Every structure is written in structure tokens, then in C-alpha cells.
Amino acid sequence: PKERGEEESDLDDSDDSDDDEGSDDDEDEEELLRLEMEKIKKERLAAALALRSKESLEAEATATSIAMTGNPLLSASGGTGKMKRKWNDDVVFRNQSRKEKGEEKRFINDTVRNDFHKRFMEQYMK
């Protein structure tokens, strides 16, 4: 003789067998969906990495081109590293004759007779 609790458990077991077939199908579908999601995530990650590497290569190329064009040593003579120089660039006494001889400044210890005071008085007191 089965007791009341045992009968219910037998009925529950029979219902579980039907659910097991459905749950196996559900589990299989969930597994397939999970695998598909992992595949999509991997593809997106790979695409993002490819995009980053492409952007970094482009940035590096632009930085290199800016550096090459911005450097006068490299751009002046086609990248040889030498600049054209005039023959007199290294002369010690260059541009000496071009200076105009002006009045030499004199130092007078009297504030009324010094050159600054005379120019000031001429400029503002006329």
C-alpha cells in the first residue's frame, strides 16, 4: 500500500519525464544561443581590435609625415639631412660694414647736461 505522499511523487515523476524532453530541447536551444552570442561577441571584439590597429597605424603615419615635413633638415634637401648654406655663413665678422656709424653715447654725470635730458627737453618742451 502506497501512502498519499508517495502517490503524488509518482505522479510528479511521470510529469517530469515529459518536461525533461522539453527541457532538453530548451537547454539545447539555450546552448546554441549562448554559442551564437559568444561568436558574435568575438566577431565584434575582432572588428574593434582591427579598427583600433588601423586607426593607430593611420595616426602613426600622419605623425611621421608631419615630423618629416616639419623638420627643415629633412625637407630642405630631400631628406639627406644637410641644409644649403651660403659661403659666408661661418665668417666671424659678418655684417660689420653694414652698421651705420652713429653718435657714440657719452656719459655725463650731470642730469641736466646729459644726452637723454637734452633730447627730452627738445622733444617735449618745444
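If DNA, RNA and ligands are ignored and the probe is 1.4 Å, what is the ranking of R85, R119 by accessible area, most exposed first?
Values: R85 165, R119 140 Å².
If we order R85, R119 from most to least accessible, we get R85, R119.
Apply the Karplus parameterisation 6.51 cos²θ - 1.76 cosθ + 1.60, with θ equal to phi minus 60°, to every residue of the range 46-58 and state each ³J(HN,Hα) to the nearest whole Hz, in sequence, with x for glycine and proline.
Each residue of the range 46-58 in turn: 5, 5, 5, 5, 5, 5, 4, 5, 5, 5, 5, 5, 5 Hz.
I'd like the accessible area for T64, computed on protein heavy atoms only with a 1.4 Å probe and all protein chains in place. Round to 10 Å², please.
70
Got a number for the accessible area of E30? Probe 1.4 Å, square angstrom, nearest 10.
Accessible surface of E30 is approximately 120 Å².
Rolling a 1.4 angstrom probe over the protein chains, ignoring ligands and nucleic acids, what is the accessible area of S23 in square angstrom, nearest 10?
Result for S23: roughly 40 Å² accessible.
Tell me, what HN-Hα J-couplings in whole Hz come from the Karplus equation 6.51 cos²θ - 1.76 cosθ + 1.60 at θ = phi - 60° for each residue of the range 112-123, using x for Gly and Pro?
In residue order, the calculated couplings are 7, 9, 6, 5, 4, 5, 5, 5, 4, 5, 5, 6 Hz.
For the range 23-73, which whole-number percentage of the solvent-accessible area (1.4 Å probe, protein heavy atoms only) is attributable to carbon and sulfur atoms? Before the final figure, lay out the partial values.
Details: 2790 of 4540 Å².
C and S fraction of accessible area: 61 percent.
For E122, E36, give the ranking by accessible area with the largest first, probe 1.4 Å. The partial results should precede the final answer.
Working: E122 115, E36 90 Å².
Greatest to least solvent exposure: E122, E36.
The values are calculated or read from the model by the stated rules, or taken from the named source; none is laboratory data. Since we're looking at a predicted model, the values are computed, not measured. For accessibility, only protein heavy atoms count, side chains too; no ligands or nucleic acids. Shrake-Rupley method; radii C 1.70, N 1.55, O 1.52, S 1.80 Å.
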